[in-house]
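Take a look at the structure below.
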Ligand SMILES: Nc1nc2c([nH]c(=O)n2[C@H]2C[C@H](O)[C@@H](COP(=O)(O)OP(=O)(O)OP(=O)(O)O)O2)c(=O)[nH]1
Ligand SMILES: [Mg+2]
């Protein structure tokens, strides 16, 4: 009867914070006309049955961008409820291994510096992810390899 009082669907999402060797992060623009169309995001998508979040992130990046990445440290997990959807989104730091990013399932791709993220419009849930990126050591995978 009253649809607003029903529980919204819950999606478990894996998302990649992909660092270039120079220390930039890859963001993509969601297709116009789709859910949250035109907003920028960290690429990723819904987990499939039997998959770990790391496997989900690696698969989504291959499917959406045609890139191979190494999935590294956990960055943050956030829970956010939109008007008609609840998401639990887990973001990992990732490293670009091979393949030029292609706009297979998005409208646009950019490599940006951390301090440029504020110039792009992301979904509301991303505020916390961007804060976590700013607080984390900037390039954990590269930093670790330099320490050895
Ligand atoms: N990938 C990604 N999704 C985000 C971010 N922030 C945010 O609110 N979302 C939301 C938008 C969507 O409701 C959901 C992600 O689902 P999706 O539409 O990308 O799922 P998917 O890639 O599996 O695509 P599909 O099978 O539904 O077409 O999470 C983000 O930074 N990255
Ligand atoms: Mg997606």
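Summary of computed values
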{"read-out": "Matching residues in the range 63-83 - criterion: being outside any strand (DSSP E or B) and over 13 Å from the mean Cα position of the chain (by Cα)", "value": "63, 66, 67, 82, 83"}
{"read-out": "The range 84-125 - residue that is in a loop (DSSP other than H, G, I, E, B) and crowded, with 16+ Cβ neighbours inside 10 Å and, of those, farthest from ligand 1 (Cβ to nearest atom)", "value": "101"}
{"read-out": "Selection count where residues are part of a loop (DSSP other than H, G, I, E, B), touching a residue at least 60 places away in the same chain (Cβ under 8 Å) and within 13 Å of ligand 1 (Cβ to nearest atom), scope the range 17-37", "value": "3"}
{"read-out": "Count - residues of the range 23-44 that are under 17 Å from residue 70 (Cα atoms) and out of contact with any helix residue (DSSP H, G or I) (no Cβ under 6 Å at 6 or more places or on another chain)", "value": "6"}
{"read-out": "Residue within the range 38-51 that is away from ligand 1 (no atom under 15 Å from the Cβ) and assigned to a strand (DSSP E or B) present", "value": "no"}
{"read-out": "Members of the range 77-93 found to be in contact with a strand residue (DSSP E or B) (Cβ under 6 Å, 6 or more places away or on another chain) and closer than 15 Å to residue 41 by Cβ, listed by number", "value": "78, 80, 87, 89, 90, 91, 92"}
{"read-out": "Yes/no for residue 62 being free of Cβ contacts under 8 Å to residues at least 60 places away in the same chain and surrounded by 14 or more Cβ atoms within 10 Å (Cβ to Cβ)", "value": "yes"}
{"read-out": "Residue under evaluation residue 60, criteria (1) in contact with a strand residue (DSSP E or B) (Cβ under 8 Å, 6 or more places away or on another chain); (2) more than 14 Å from ligand 2 (Cβ to nearest atom), criterion not met", "value": "(2)"}
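Table: residues versus (1) within 20 Å of residue 134 (Cβ to Cβ); (2) modelled with pLDDT of 95 or more; (3) within 13 Å of ligand 2 (Cβ to nearest atom).
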| residue | (1), (2), (3) |
| --- | --- |
| 1 | no, no, no |
| 16 | yes, yes, yes |
| 56 | no, yes, yes |
| 80 | yes, yes, no |
| 106 | no, yes, yes |
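The values are calculated or read from the model by the stated rules, or taken from the named source; none is laboratory data. Worth saying up front: this structure is predicted, and the values here are computed from it rather than measured. Note that each Cβ is placed from the backbone with ideal geometry, even for glycine, and that neighbours are counted across all protein chains shown.
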